[in-house]
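S.K.: Please find one structure pasted underneath; my questions will follow.
No lab work stands behind these numbers, since they all come straight from the coordinates. Keep in mind it's a predicted model, so treat the numbers as computed, not measured. Cβ coordinates were reconstructed from backbone atoms using ideal geometry, including for glycine residues, and neighbour counts include every protein chain displayed.
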Amino acid sequence: MNPFTKILVVEDDPTSSKLMTYHLKMMGFKNVTEVMDGNLALEQLKKEKADLVVADWHMPNLNGLNLFKAIRKEGLWKDIPFLMVTVEKDDKKVQEAIQAGVRDYIVKPINVEIFKRKIREMLGLNRD
């Protein structure tokens, strides 16, 4: 595992953000940045491209789905793995995300083992 892998956590709830960051750091990732909404995420990506984005769906200013769409439109970022984390269970909303191209999605409250497994899969890592 590369501890220098850059992970961007986009979450407006400070407790959820800290919890995800904690688990990422416990997995060995040292370079984790937290921002509170999609607009701040885009600003951060302009400063430093991430290797993985973990984003909540429901956030102020620019939600997670629109952040995903913005990332996919940008040539330099279109291949960044993107994990959507949300309480959203509405079938129409989930279908909208799938149609937009969201392939990796977990529902809150986060099951830590599923979260870790998804992160490893998305970064092409085997179990340690």
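S.K.: Please identify the DSSP H helices in the chain that span no less than 27 Å along the helix axis (Cα) and have a mean Kyte-Doolittle hydropathy of -1.0 or more. Before the final figure, lay out the partial values.
M.R.: Working: long enough: none.
Length and hydropathy pass: none found.
S.K.: Please compute the modelled spin-label separation between Glu43 and Arg120, points set 7 Å along Cα→Cβ, answer in nm with one decimal.
M.R.: Roughly 3.6 nm, to one decimal.
S.K.: While we're here: Using the Cα atoms of the chain to build a convex hull, what is its mean projected area in square nanometres?
M.R.: Numbers: hull surface 28.6 nm².
So the Cα hull casts an average projection of 7.2 nm².
S.K.: To continue, here is another question. What is the sum of charges around Arg103, taking Lys and Arg as +1, Asp and Glu as -1, for the other residues whose C-beta is under 13 Å from the C-beta of Arg103? Spell out each step's value before the answer.
M.R.: Numbers: positive: Arg72, Lys118; negative: Asp79, Asp104, Glu121.
Once all neighbours under 13 Å are counted, the net charge is -1.
S.K.: Would you please give the FRET efficiency between Lys89 and Lys69, computed as 1/(1 + (r/R0)^6) with r the Cβ-Cβ distance and R0 = 22 Å, to the nearest 0.05?
M.R.: Values: r = 21 Å, r/R0 = 0.94.
With a Förster radius of 22 Å, E is 0.60.
S.K.: Mind ranking 25-32, 63-70 by how tightly packed they are, going by the mean number of other C-beta atoms within 10 angstrom, highest first? Present the calculation step by step, with values, prior to reporting the outcome.
M.R.: Numbers: 25-32: 15.6, 63-70: 20.4.
For the peptides 25-32, 63-70, the packing ranking is 63-70, 25-32.
S.K.: Still on this structure: What ranking do 15-24, 50-59 get when scored by the average of other Cβ atoms within 10 Å per residue, highest first? Don't skip to the answer; put the middle values down first.
M.R.: Details: 15-24: 16.6, 50-59: 22.0.
Averaged packing, sorted descending, gives the order 50-59, 15-24.
S.K.: Rounded, prolate or oblate: which one fits the range 87-128, using the alpha carbon gyration tensor with axes a ≥ b ≥ c (rounded when a/c is under 1.5, else prolate when a/b beats b/c, else oblate)? Please report the intermediate quantities before stating the final value.
M.R.: Values: a/c = 5.51, a/b = 1.69, b/c = 3.25.
It comes out oblate by the Cα gyration axes.
S.K.: Which value, in debye to the nearest 20, describes the size of the charge dipole of the range 72-116 about its Cα centre when Lys and Arg Cβ atoms bear +1, Asp and Glu Cβ atoms bear -1, and nothing else is charged? Show your work: numbers first, answer last.
M.R.: Working: 9 positive and 8 negative charges, 13 e Å.
The dipole magnitude comes to about 60 debye.
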